[in-house]
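Any read-out appearing in this document is the output of simple, stated calculations on the displayed coordinates, not a laboratory observation. What you see is a predicted model, and the numbers here were worked out from it, not measured in a lab. So basically every Cβ, Gly included, is an ideal-geometry build from the backbone, and we count neighbours across all protein chains shown.
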Amino acid sequence: MEKFELLANNFLLLLDAMSMYLLIGLLLAGILKQIVPDDFISKHLGKSSIGSVIKATLFGIPLPVCSCSVIPLAQSLRKEGASKGAVQSFLISTPITGVDSILATFSFFGLIFTIFRVLSSIIIAIVVGLIQNFVEKDDKKTEDIKEESSCDSHCSCSSSKEEKKSFSIKAVFSYAYITLAKDMVNPLFIGLVLGAIFTTFVPKEYSSLLFENQFLTYIIIILFSMPLYVCATASLPLAAAFMLSGMSGGAAFIFLTAGPATSAVTMSVVYKLLGKTSLIIYLLTIAILSFLFGFLYDMFFSELNILKFSTYSEESSIYTQISSLLILILISYNLVKSYLERKTIK
């Protein structure tokens with residue numbers, strides 16, 4: 001019974017640390033969705049150039065798209081003529097550095113780690129895209145695809161005037177707390193549960209031994225996280241639990257970079273959409289650069305205590321409690337809804 005109470009307490013500790021920032025991040029994501037035109041990105045990505053890769057990376061940073069939603073969006077960008085390098089850069093930067101993920105990262109790890117994560121993720125995304133475009137040039141089929149997609153049978157090229165969408169508060173909240181939350185809250189719940197279990201049941205002396213060898217830890221984390229299907233926000237409580245058990249900030253960075261940027265699903269999509277060579281470039285570059293940046297973080301910031309939520313166990317504001325309650329309601333609603341939908345299908 002004591003262990004169960006400790007498990008529940010650790011679950012709430014992790015939830016309290018991020019709930020308020022997560023709600024704000026989702027709201028900002030909903031606002032961005034209304035402000036940014038749907039075809040804004042596809043209009044700026046095309047040729048296998050340095051510019052298209054940098055644009056894909058920068059456009060992906062604030063976009064309200066999680067690891068789950070970025071895959072079909074990347075597929076549509078490719079069909080609309082985006083280069084292979086641009087698509088790969090977009091696949092990396094978008095889920096890792098979304099506005100909700102940035103705020104949630106700050107809630108757990110503070111300003112320095114958050115800035116380091118965003119800047120290094122931008123560099124990784126750009127490097128992957130540039131290497132892709134250098135190694136494997138796009139052929140002219142890309143332009144053909146772009147022309148076909150813009151002039152298909154459902155619309156007329158001569159009369160393709162877009163209606164300017166008006167800003168809607170209702171649409172902001174609908175996208176933020178229904179559409180985007182639907183993709184995120186289930187893996188978030190799993191991440192919170194796993195983080196609480198790891199913190200509660202894995203003795204610190206054993207976990208410290210596990211994380212004792214720095215480079216071995218890096219390799220294990222890369223091999224563990226790359227096929228794992230976990231979104232950028234949901235991976236945060238698990239990374240925090242690892243750090244509470246003795247894992248370094250650099251290893252946490254690797255987990256938070258390699259995990260959201262790659263997964264078995266993403267690997268499959270990259271292989272089918274861009275080819276075998278692109279998949280090899282994608283995985284190797286992410287693994288090597290994640291390892292390098294993780295090492296650099298531990299070299300320069302190893303003495304920095306980045307976990308900023310340890311005091312939450314002692315005091316919790318009314319705003320934090322309300323935010324945690326709202327997140328729990330979102331999680332419960334989506335879990336029940338998913339269960340009923342599966343039951344209906346059966």
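General remarks:
- For peptides 84-92, 15-23, 127-135, 329-337, sequence by mean Cβ density within 10 Å, most packed first: 84-92, 15-23, 127-135, 329-337
- In plain terms, the chain from Gln75 to Lys276 could stretch by 70.8 nm, reckoned as 0.36 nm per residue minus the Cα-Cα distance.
- Computed FRET value (nearest 0.05) for Gln321 with Thr179, which takes r as the C-beta separation and R₀ as 41 Å: 0.95
- Net charge contributed by nearby residues that have their C-beta within less than 13 Å of Ile254 (K/R +1, D/E -1): 0
- From phi via Karplus (6.51, -1.76, 1.60), per-residue ³J(HN,Hα) for the range 217-222 in Hz, x at Gly/Pro: 4, 4, 5, 4, 4, 4
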